[in-house]
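Peer 1: Structure incoming, see below.
Only the coordinates and a few stated rules stand behind these numbers; no lab work does. Small disclaimer: the values here were computed from a predicted structure and weren't measured. Heads up, the Cβs are rebuilt from the backbone with ideal geometry, glycines too, and the neighbour counts pull from every protein chain shown.
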Amino acid sequence: MEGILSVLSYGIGTILGFVLIGALIILILHDVTQKKHTVLRNYPVVGRFRFFFENLGEYFRQYFFSGDRDEMPFNRATRAWIYRSAKNEGAIIGFGSTNDLREPGSIIFVNHPFPVLDEDRLPTPPLLIGDGYCKRPFEARSIVNISGMSFGALSAPAVRALSRGAKAAGCWMGTGEGGLAPHHLEGGCDVIMQMGTAKYGMRNHDGTFSPEKVKELAEHVKAFEIKLSQGAKPGKGGVLPGGKVTEEISRIRGIPVGKDSISPNRHYDIANMDQLLEKVAYMRDLTGRPVGVKTAIGGWEFINELCDTVLRRGKEYAPDFIHIDGGEGGSGAAPQTLMDHMSLPIAEALPRVVDSLLQSDLKNRIRVVAAGKLVTSARAAWALCVGADFVVTARGFMFSLGCIQALRCHSNTCPTGVTSHNKRLQRGLVVEEKYLRVANYARNMDKEIDMIAHSCGCRHARELRREHVRIVQSANQSIALNMLYPYPVVGSRPASKQQTAAAAAAA
């Protein structure tokens, strides 16, 4: 019996050997004769290791080779801080910081010699959005909120966890441009509905705008946001690959199942500033809700023209808030050229917007929402110092859900189920657990922003000003933000080209 088994095993081994040799020969012939890859043509089989390591290189660097502060878009130190905050493990470290304060652009807060005592601290007050200009203004309680991420770009469990976490933390949640899904409403949180260029969720079957649907949506959301562009891809509409367009997403967006969901690169009915402000006023009258604008900034022109037009037409035409997305934004998939090189980063865009609003005496009328890699309490506090009223983040909350920066958001193969519609991958995202981490992250962000404010001598975070932070210019040389961006005189708005031309014509 043993002899028979020995012969059989020898025979099976021989057959497998021939199969492997045959497969190797076929592979060599294929590589040598193919014309697509030079490396494989010159180095058959062995050259395949080059592609293998190229694909896995970013993951090896992430875990084995890069330092704590070396990676992009988010380094290990930043991710670790978010993970600890989301798990409520505290952000205490020992033996010194790995943050290099000699690096240009680094933030240094100005500590007060006599910081605010515990008994003198005040709760950070909420702010009303649209007060005096719409029937149902929105009281926003949290400084840090969830930026717009559509159902489609995110999975259903991710949206559900964000909704429940936002409710627990008292912050708002943006829908993104993919329409209002039941998952957004599940937790009972405050929701800001985004009107993208394709008007998903607020359109008829033929794709035209539906006032009836918008009025119905207004019963479920706190405000509306007209999206002109986003930091990841200004001038390019949203893209949801057909493989991610499920029946549920098809029903919510009003598009065919399995076909790419491609948004126009701008609104067909908004081609200039007057049309934008008319749309803002129309949506506000239609819904009774505050209406804002989301955009990336390329320079002074947009915000100056917006302020000029509001001053010409009246404050009733002003958006109730303006959401400034820095060029470093990027929770959505986008062409690398646009993501790398289009629009100003938030560090330059935000002061420009705030200064123009101050010059025009519109800062109290138009709330400012800042976004663009503001995932830590220090970056969020910097935004408040500049003049932002609120901070929103998308990727920060994705990390709180368990995102590991696998860079597969667009491929439906996200290993943590945050951006995948694959049920097997979604299984790892347990809503009952992850919503608590979403809430912890939001709460701890607000808590640490207040901690920074108290150290600067402020009673609460909304008292932070530009003089409370310094920006490193070169090694061992920093400058106060109010010197880098001096406060403009309120009401000192210079006349626009159009106003100058009109005055000359009248004369």
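Peer 1: Give the order of Met445, Met193, Met273 when sorted by the count of other beta carbons within 10 angstrom, beginning with the fewest. Mind showing how you got there, number by number?
Peer 2: Details: Met445 30, Met193 25, Met273 18.
Ascending Cβ contact count within 10 Å gives the list Met273, Met193, Met445.
Peer 1: Name the residues whose placed amide hydrogens come within less than 5 Å of the amide hydrogen of Leu344, ignoring near sequence neighbours (fewer than 5 apart) on the same chain.
Peer 2: Placed amide hydrogens put Ile297, Gly298, Gly327 under 5 Å from Leu344.
Peer 1: Also, quick follow-up: Pop out the ³J(HN,Hα) list for region 182-198 in order, Karplus 6.51 cos²θ - 1.76 cosθ + 1.60 with θ = phi - 60°, rounded to Hz; leave Gly and Pro as x.
Peer 2: My calculation for region 182-198 gives x, 5, 5, 8, 4, x, x, 7, 6, 10, 9, 8, 9, 9, x, 5, 8 Hz in order.
Peer 1: Let me ask another. Where does the longest stretch of the chain lie that holds no GluC sites (Glu not before Pro) found in a DSSP loop with 16 or fewer other Cβ atoms within 10 Å? Intermediate values should be presented prior to the final figure.
Peer 2: Details: sites that count: Glu89, Glu219.
No qualifying site falls inside 220-507, the longest such stretch.
Peer 1: For Asp190, enumerate residues with amide H under 5 Å from its amide H, sequence gap 5+ or separate chain, H modeled in the peptide plane.
Peer 2: Under 5 Å from the amide H of Asp190 lie the amide H atoms of Met173, each far enough along the sequence or on another chain.
Peer 1: Further question on the same structure: If we count other beta carbons within 10 Å of each Cβ, what is the order of Arg395, Arg48, fewest first? Don't skip to the answer; put the middle values down first.
Peer 2: Numbers: Arg395 24, Arg48 15.
Fewest to most other Cβ atoms nearby, the residues stand as Arg48, Arg395.
Peer 1: I've got another one for you. Can you give me the Cα centroid spacing of region 177-198 and region 415-460 in angstrom?
Peer 2: A separation of 19 Å, based on Cα centres.
Peer 1: Which trypsin sites (Lys or Arg not before Pro) does region 280-387 hold that lie in a coil by DSSP with at most 10 other beta carbons within 10 Å?
Peer 2: Qualifying residues, ordered by number: none.
Peer 1: May I pose another question? Got a sec to turn the phi values of region 278-288 into Karplus ³J(HN,Hα) couplings, 6.51 cos²θ - 1.76 cosθ + 1.60 with θ = phi - 60°, whole Hz, x for Gly and Pro?
Peer 2: Couplings: 5, 5, 4, 5, 5, 5, 5, 5, 5, 9, x Hz.
Peer 1: Seen from all sides and averaged, what is the projected area of the convex hull of the Cα atoms in region 152-263, in nm²? Could you put the intermediate results ahead of the total?
Peer 2: On the way: hull surface 27.1 nm².
Result: 6.8 nm².
Peer 1: Length gain on complete extension for the stretch Ser106 to Glu219, per 0.36 nm per residue less the alpha carbon to alpha carbon distance? Please report the intermediate quantities before stating the final value.
Peer 2: Values: separation 113, 0.36 × 113 = 40.68 nm, distance 4.36 nm.
Stretched out fully, the Ser106 to Glu219 stretch lengthens by 36.3 nm.
Peer 1: Can you compute 3J(HN,Hα) from phi for each residue in region 125-133, using the Karplus curve 6.51 cos²θ - 1.76 cosθ + 1.60 with θ = phi - 60°, rounded to whole Hz and x for Gly and Pro?
Peer 2: Using θ = phi - 60°, the values come out as x, x, 10, 8, 10, x, 4, x, 10 Hz.
Peer 1: Say R0 is 25 Å: what FRET efficiency, to the nearest 0.05, do Gln336 and Ala91 get from their beta-carbon distance? Could you put the intermediate results ahead of the total?
Peer 2: On the way: r = 33 Å, r/R0 = 1.31.
Efficiency at R0 = 25 Å is approximately 0.15.
Peer 1: Round to a whole angstrom and tell me the spacing of the C-alpha centers of region 83-109 and region 269-324.
Peer 2: 38
Peer 1: How much length is gained if the chain between Val19 and Glu248 is pulled fully straight, taking 0.36 nm per residue apart and subtracting their Cα-Cα distance, in nm to one decimal? Before the final figure, lay out the partial values.
Peer 2: Details: separation 229, 0.36 × 229 = 82.44 nm, distance 4.63 nm.
Going from the current span to full extension adds 77.8 nm.
Peer 1: Tilt of helix 346-359 relative to the longest C-alpha principal axis of the chain, in degrees (0 to 90, nearest 10)?
Peer 2: Approximately 20 degrees, to the nearest 10.
Peer 1: Using DSSP, restrict attention to beta bridges with both residues in the chain and report what percent are antiparallel, rounded to the nearest 5.
Peer 2: Numbers: 13 of 41 bridges.
Taking every DSSP beta bridge within the chain, about 30 percent pair in antiparallel fashion.
Peer 1: Moving on to the next point. Based on the Cβ-Cβ distance of Asp131 and Lys36, what FRET efficiency does E = 1/(1 + (r/R0)^6) give at R0 = 60 Å, to the nearest 0.05?
Peer 2: Working: r = 62 Å, r/R0 = 1.03.
So, using R0 = 60 Å, E works out to roughly 0.45.
Peer 1: Taking the alpha-carbon distance from Lys222 and a cut-off under 22 Å, which lysines remain once sequence neighbours fewer than 8 residues away in the same chain are dropped?
Peer 2: Lys135, Lys167, Lys199, Lys213, Lys279, Lys294, Lys315, Lys363
Peer 1: Rounded, prolate or oblate: pick one for the chain, where a ≥ b ≥ c are the square roots of the eigenvalues of its C-alpha gyration tensor, a/c under 1.5 means rounded, and failing that, prolate if a/b is larger than b/c, else oblate. The partial results should precede the final answer.
Peer 2: Working: a/c = 1.92, a/b = 1.57, b/c = 1.22.
Prolate, since a/c reaches 1.5 and a/b exceeds b/c.
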